[in-house]
1. Can you report the principal axis dimensions of segment B:705-806 using only the alpha carbons, biggest first, rounded to whole angstrom?
2. Just counting partner chain Cβ atoms within 10 Å, what average do the residues of peptide B:76-85 show around their Cβ?
3. So who's got an amide H within less than 5 Å of the one on A:LYS227, skipping anything under 5 residues away but keeping other chains? H placed 1.01 Å off N, in plane.
4. What distance in nm lies between label points placed 7 Å from Cα along the C-beta direction at B:GLU62 and B:GLU791?
5. Which of rounded, prolate or oblate describes chain A when judged by the alpha-carbon gyration tensor and an a/c cut-off of 1.5?
6. Quick one: which of A:296-302, A:317-323, B:687-693 comes out on top by average Cβ neighbours within 10 Å, and what's the full order, highest first?
7. Roughly what would the spin-label model give for A:LYS295 and B:ASP96, points 7 Å off Cα along C-beta, in nm?
8. Please list B:727-738, B:792-803, A:262-273 highest first by mean number of surrounding beta-carbon atoms within 10 Å per residue.
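Readers should treat all values here as calculations from the given coordinates under stated rules, not as data from a laboratory. If you're wondering where the values come from, they're calculated on a predicted model, not measured in any experiment. Quick reminder, even Gly has a Cβ in these numbers, built from the backbone with ideal geometry, and neighbours come from all protein chains shown.
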Amino acid sequence: MSAPLDKPQVVSHSQKSLNYSLFDSKWIPCSAKFVCLGSSCRGTGLMQIYELQHGDIKLVKETEKTKPIKCGTFGASSLQQRHLATGDFDGNLHVWNLEAPDVPVYSVKAHKEIVNAVDGVGGLGIGDGAPEIVTGSRDGTVKVWDPRQKDTPVANMEPVEGETKRDCWTVAFGHAFNDQDRCVCAGYDNGDIKLFDLRNMSVRWEKNIKNGVCSVEFDRKDIQMNKLVATSLEGKFHVFDMRTEHPTKGFASVSEKAHKSTVWQVRHLPQNRDIFMTAGGAGNLHLWKYEYPAKRSEMDGDGEERGVAGTLNLLQNVTLSTQPISSLDWSPDKQGLCVCSSFDQCVRVLIVTKLNRV
Amino acid sequence: MSLDTISSSPLHTQPASLTTHSVPVEHLDYKYIEKCSDLKYLEKILGVLRSGKEGIYPHLTEFCEKHIEKLDPRSRALRKENFPATSASFSKDEWDQITNELQTWENEIKINDVELNKQLFFCNDVNIPPVRGSNCSIQKVTYSGDKAYSKTCHLPRSYQDWDKFDVEKECAKIDETLTTKESAAIIDDSLLKIQSKIDTTGLTEQEKVVLANREKDKGNEAFRAGDYEEAVTYYTRSVYIMPMTTAYNNRAQAEIKLQRWYDVLSDCERVLQLEPHNTKENRQAAVRGGMGNAQKKAHSGGARGPTANKYKVKAEGEPAAVANRKNLANGSSSSGSSTAQPANGRPDSPGEERTESTCASGALPPPLARLKNEGNQLFKNGQFGDALEKYTQAITGFTEAEDLCILYSNRAACYLKDGNSSDCIADCSRALELQPFSLKPLLRRAMAYESLERYRKAYVDYKTALQIDSSIQAAHDSVNRITRLLIEQDGAEWRQKLPEIPAVPVSLRQHHTAATSSTHLHKENDTQEARFTSLKTEGNELVKKGQYQEAVGKYSECLKLKSDECAIFTNRALCFIKLKRFAEAKQDCNSALNLESSNKKAFYRRALANKGLKVRVLPLEVNPTIQYSVTALLKQQRATGSPSQPRRDITITEVEDDDEEGDAVKSSSDGEQKSTSQTINLQPSNAYEFGQALNAARSLNDTAACAQLLRTVPPDSLPQYVSTQLDGHTLSFIMKTLDTHLLASEPGVVYQLLDHLHTTERFSMVLMMLNPDERRQMTQLFEHLCSVDCEDFSQNDIKNLANKYI
């Protein structure tokens, strides 16, 4: 064990109390600004842009929308445009130009019910191939959208007729390392994790982790699937090594309990895929590092290759609030800088130090 | 997750599960806890203690925590709630650094942001692949309604379930293995190829930089995960977007792992092409490492001699491929020292001089600069013949006096090293024609003359050189030597037989007044001396107060007065390190080492500076290069072991504001004294003494002494004693000692020592780096320990302990 001060420290750089419920916060790429998305007390949607100014958070722009906004992503936009894609309570997917946020540049009624999660790939230089947005909704469907195609999704993943529709809580892109390959991972309220292969248009892998899946994320979107983290409702999370798939045993995984309360979100450090932060229902953040095993795969008795899971190392944990942390986003530009929003109606900018030394 | 789930989440209630595994009250006792080695049970006890059901005992709780930490430092029970750090959690320096860094970033990114918005947006739709499905044969219709869900659908927990839900229990299940059936996999390996080229048309410079860095990061990560092939691919992508030295360097590193020596070499070459003025040690070390390695292979393949073509790398090589950077760095330094002639502390030891001339060549046109730098590189590697060719090429293409002088001078150095004294003299003369009274050519010519036994001319040249710079010790020595020889040869009248000593032009005298030793200047020198001392003390005072910036100013003034004071350089280097100006720190250390080639502080600080540089530049390469510097330091220690060599006292008092650093410096210099006197202090009273003694014992391979040493050390303080010293060899040496000397007579002590040793800092790290032999030794020790009966410990204890080690 190293001395306590050699560990990464989480510094609360600045925080701001707001007068509305925050659902998501995202850094605007290549800027010192971030967007906060939420719902005002009147039941309308709010989209606010804040900027870091000499250690303080200053409101730059505010726009009100008719429906509360649940989630957002910049993942499918180019660095030049930096358009924000959002999903709202009414099932709409909008893409906004933040310079002129009154009228969306792309708009579609994506789902019948609330859009719980959205993720993008193909923009910002992350991921080869077309820019695509994936949405997951309470109506049980997961849809992939291309901002160049109006009205209809380019892929739609829904249960067969007559089957109970499960609430999709989270979606994530991954495996986008060349033009053709791309995967979508979706997590459902019943503990199902499904991995859809968009190239073959098939379900590639399924797993049930018994409790609702609150958040899934690949360690990086634009490489061959490497690791997948899935967090769950009862305070555990699982890390799957996605490199080696055993015909019967699937992917090797390691799980860890973290929060004794729902793990709301997981976010990998953009500069180092082996470090990630989980955000918990009791207002705490845990910073983890995945340590690879000596050999990532081994032969089992039947001559099949089987993955070997690594270990998880808790680097730091902090308690920020008594309410759940609803979202967390690392700055893509500055290592260690992150913004998180919590249900105590507070947005915080945090600095995690010494990340390059772990 | 919507708002409903938030409000319905029952997970904030206090767990009430502890009753299920009750702990008898008598177990809540210091003695019981101390003896208990069952981790699970201890965690239960801790749970009870923390819950306060049986009363609140803060000390007992703390004791229990400590005991658990001893058994398993990574135990989950030890995790505590922390709060975010504030400025109070950091030292002022650290906090300033954090805030300043953020502020700088904020300013930079805002400029970038504005620029990005200004840029004309043009649509590069051509590069983007078409919309999915638009040219795809699979119909969306057939796809939607996917049969994915046709299996029995899992139901989520019902709301009643949640009432009975026990977080503790649910979380405890983590330790049980997950045995769930999963669907059969669809393995699809086709097209799993990462393209090594990226279409970057239409991207702005800024985007390209971002992209290139990102690809490099991916490479780094793959490297860390051990996927070297993948890492190479990503580095290739990175350099395809934008050639960067770091990416080339890293690719070379990955290629070393893959043992593709040709590629390593070409990458190293490219780094030098891209950044010929690159003085950053890490890269050069990397490059030299690579080259040294390749060269070694060439040697083993039968091509001997320093001028052997280094490109003749034998592909079949030996299997004993150098596995990591440390070895590489060693390899390079050893190959360098074996090929280079012993420098004997002469002022023109190649490494330092080269860098200097590199800096001077700013005006050279790129191809020539490259040639020259290649030459310098070759010179450093000891390939004087090849270097000679490069310099010759550079000379033929160039006419400007100042640089030509340097080139001639460098070529002269090559000739000198090759023993071709007459050509050396010719080149030096040419250089001196171009730039009269430049120091290096004069010294080289003097050496060449001396080696040709033309002592009179050598004498004249040395004298001239000394007029320019009177501080060159080697020149003084040579003058004395030659004087003796000449007196022997020519008798008392030798001076009259000397050729005319070139009258140093008045202009030059004026130019070097400080160096000439006329009497009236002596007085001035004295006052300067006083001023110098006062400035120095002022500087030291400032360092003590932590005002490094001001201290740098003072030291710089000192150096203006007297540029040959080693201590000032090292002190200024310390300030630079504190100010995080590592490059300058390094330069100072180099200057200090120029003046005093065995200065420990300079070595240590250079290592620190290198570390600092690395942290910024290449996180991947931190350790090896530090090790590199440290090995150099160790070698230096051995080398300076001869007692006859007059060691200059460092008169300046080291400002001890950083304990750790001070200690390390001290212990290393003490270590030297130990190794010279060859005695081992067997009664260490602190960590340094212990460290010295251990090192001495190890270098003599004296296990008996080590055993004696270990006996005298209280086992519980062993971790502190050994902490800074612990490495694989030390560990295996200790193991060996325990096994051979202590086990038979005092098994209890052995157990105690082992029990404490594993709590040392970095222990797990060291453990990882042990080689199989050392591991076997360790297993043996534990086997022996198991077979001994002793009342101090049980078989179980041994097993527990062995788990920590093996």
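1. 32, 28, 21
2. Details: counts 4, 0, 1, 5, 2, 5, 9, 7, 14, 12.
Counting Cβ atoms of other protein chains within 10 Å of each residue's Cβ and averaging gives 6.
3. A:ASP219, A:ARG220, A:MET242
4. 3.4
5. Working: a/c = 1.59, a/b = 1.12, b/c = 1.41.
Oblate, because a/c is 1.5 or more while a/b does not exceed b/c.
6. Values: A:296-302: 12.3, A:317-323: 18.0, B:687-693: 21.9.
Ranked by mean Cβ neighbours within 10 Å, highest first: B:687-693, A:317-323, A:296-302.
7. 5.3
8. Working: B:727-738: 20.8, B:792-803: 14.8, A:262-273: 22.7.
In descending order of packing, they fall as A:262-273, B:727-738, B:792-803.
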